[in-house]
Amino acid sequence: MSRDALKTLFHPFATDVLAAPGADARILFLGAEASFQRPAGFDASIACVQGFRPLYNALQRQPGVSVTPEVEGEGYDGALILCGKHRGANEAWLATALERVVPGGMIVLAGGKEDGVQPLRKRLAALGYAPEHMPKYHGVAAWFARPEDISGALKIFSSSPVSVEGRFQAAPGMFSHDRVDAGSELLASRLPTDFDGLAADFAAGWGYLSVALADKSPATKRIDLFEADHASLEAAKENLAANCPGLPARFFWQDLAGEAVKEKYDLVIMNPPFHEGHAADPLLGQTLIKAAAGALRSGGRLMLVANRGLPYEDVMATSFRQFGETCRNARYKILWGSK
């Protein structure tokens, strides 16, 4: 999310199109990001909600900011929504704002051109909410007063968990929330059948690879799941409890690129992310490969899947005593490294 979208979100208040909420008001900020600037007179307390660990950490470093990974409380006087690229996640934020804001409270949403604000605004207009809007900083801000009756909107915008293969639960906004990712499926097919040590699942998502390892190697002593998205990690807890209740597991809401792993493992499995916003950034995967190498004990092994064009071989060569490629298909490759 660009900082421009943050400026777009606060622009109606900065230009006095909307009255800035005073010190006695409570504002819910969904999808909040750090470095936002309060316009003059915007003295309300702001309850920020951010479930992505790096952005959460950045908000914690911003003076005067209160942030939680999940929504807490109700009866807010208004809400701010910073939209992202996932339509379902934006709609879920909107439903949350409608539920948590008092009737008549102002709900303001904004995002860049690729963040789906305009279609969302048009859907609100079709419901009779008559949102006003204004373009600014390469994005659009829209706002409306929360009506008394929100039942119709909640039917449209509220999201329910998605069942994947009848075994897993996920939700919009999570990586591959409605199907098993083909890359993860390929890696699952190559996981060991005789593993009996301590394992870690880096960038674990909603837990598919952890469950796959438990299925193939039931003697696994324990698996630790590391995931930066709080909602995905909560889903992973439910999916492991449902699919492999006897497997000891621990769950870490952690930014692997910025927060050190303290444990040492015999095996790390990983389908590392490689996007920052809308653009591909192979550095993310390279950073996680280094983190995995640091978390393995001598003789430990990394198994990862990646898009076949991503340049991971050099970092594998410098991070591991030995490395190689297990297989590849038209889209993916499986790499391994040994400490």
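A simple spin-label model places the labels of Ala19 and Ser158 3.2 nm from each other, with each point 7 Å out along Cα-to-Cβ. Within the range 97-154, the GluC sites (Glu not before Pro) that combine a DSSP coil assignment with at most 16 other C-beta atoms in a 10 angstrom radius are Glu114, Glu148. Here the 3J(HN,Hα) profile of the range 140-155, calculated from phi with Karplus coefficients 6.51, -1.76 and 1.60 at θ = phi - 60°, is 9, 10, 9, 8, 7, 7, 5, x, 5, 9, 10, 4, x, 5, 5, 5 Hz, Gly and Pro shown as x. Place a point 7 Å from the Cα of Arg297 along the Cα-to-Cβ direction; which residues of the range 192-219 have their backbone N under 13 Å from it? Hits in the range 192-219 for Arg297 at 13 Å: 196-200.
Please identify every one of the chymotrypsin sites (Phe, Trp or Tyr not before Pro) in the range 8-104 that sits in a loop by DSSP and has no more than 16 other beta carbons within 10 Å of its own beta carbon.
Values: sites: Phe10, Phe13, Phe29, Phe36, Phe42, Phe52, Tyr56, Tyr76, Trp93; in loops: Phe36, Phe42.
The qualifying sites: there are none.
Amide H to amide H, with H built 1.01 Å from N, Ala141 comes under 5 Å of Met134, Lys136, counting only residues 5 or more places away or on other chains. The Cα-based radius of gyration and maximum Cα-Cα distance (Dmax) for the range 80-122 are 10.2, 30 Å. Residue-wise HN-Hα couplings along the range 161-176, as the Karplus relation 6.51 cos²θ - 1.76 cosθ + 1.60 with θ = phi - 60° gives them from phi, are x, 9, 8, 10, 6, x, 10, 10, 10, 9, 8, x, x, 7, 4, 6 Hz; Gly and Pro carry x. With R₀ set to 22 Å, the beta-carbon distance separating Leu283 from Lys85 gives a calculated FRET efficiency near 0.65. With each label modelled as a point 7 angstrom along the Cα→C-beta vector, the Trp336-Arg123 pair spans 4.5 nm.
In the range 198-306, which GluC sites (Glu not before Pro) fall in coil by DSSP and have 16 or fewer other Cβ atoms within 10 Å? Each step should come with its number before you reach the end.
Details: sites: Glu227, Glu234, Glu238, Glu259, Glu263, Glu276; in loops: Glu259, Glu263.
For GluC sites (Glu not before Pro) across the range 198-306 that sit outside H, G, I, E and B with at most 16 neighbouring Cβ atoms in 10 Å, the list reads Glu259, Glu263.
The label point for Asp43 and the one for His138, both projected 7 Å from the Cα toward the Cβ, are 3.6 nm apart. Couplings 3J(HN,Hα) for the range 107-113, derived from phi with the Karplus relation 6.51 cos²θ - 1.76 cosθ + 1.60 (θ = phi - 60°), are 10, 10, 10, 7, x, x, 4 Hz, where x marks Gly and Pro. Rounded to the nearest 0.05, the FRET efficiency derived from the C-beta distance between Arg250 and Ala130 at R0 = 51 Å is 0.55. Note on surface exposure: Ser319, Ser163 rank Ser163, Ser319 by accessible area, highest first, 1.4 Å probe. For the cross-link pairs Lys122/Lys237; Lys237/Lys333; Lys216/Lys264; Lys7/Lys290, the ones whose C-alpha atoms lie over 26 Å apart are Lys122/Lys237; Lys237/Lys333; Lys7/Lys290.
Please give the contour-minus-distance gain from Ala219 to Asp196: 0.36 nm per residue of separation, less the Cα-Cα distance, rounded to one decimal in nm. Spell out each step's value before the answer.
Working: separation 23, 0.36 × 23 = 8.28 nm, distance 0.48 nm.
Extra length available between Ala219 and Asp196 comes to 7.8 nm.
Normalised size of the range 3-59, defined as Cα radius of gyration per 2.2 N^0.38 Å with N residues, equals 1.14.
Express the C-alpha Rg of the range 185-336 as a ratio against the empirical globular expectation 2.2 N^0.38 Å, rounded to two decimals. Could the numbers behind the result be given before it?
Working: Rg = 14.3 Å, N = 152, 2.2 N^0.38 = 14.8 Å.
This ratio for the range 185-336 stands at 0.97.
Only protein heavy atoms count here; under a 1.4 Å probe, Val211 has an accessible surface of about 0 Å².
The values are calculated or read from the model by the stated rules, or taken from the named source; none is laboratory data. This structure is a prediction, so every number in the text was calculated from the model and none was measured. Cβ: placed from backbone, ideal geometry, glycine included. Neighbour counts: every protein chain shown. Quick note on the areas: whole protein, heavy atoms, side chains included, nothing else; ligands and nucleic acids left out. Shrake-Rupley method; radii C 1.70, N 1.55, O 1.52, S 1.80 Å.
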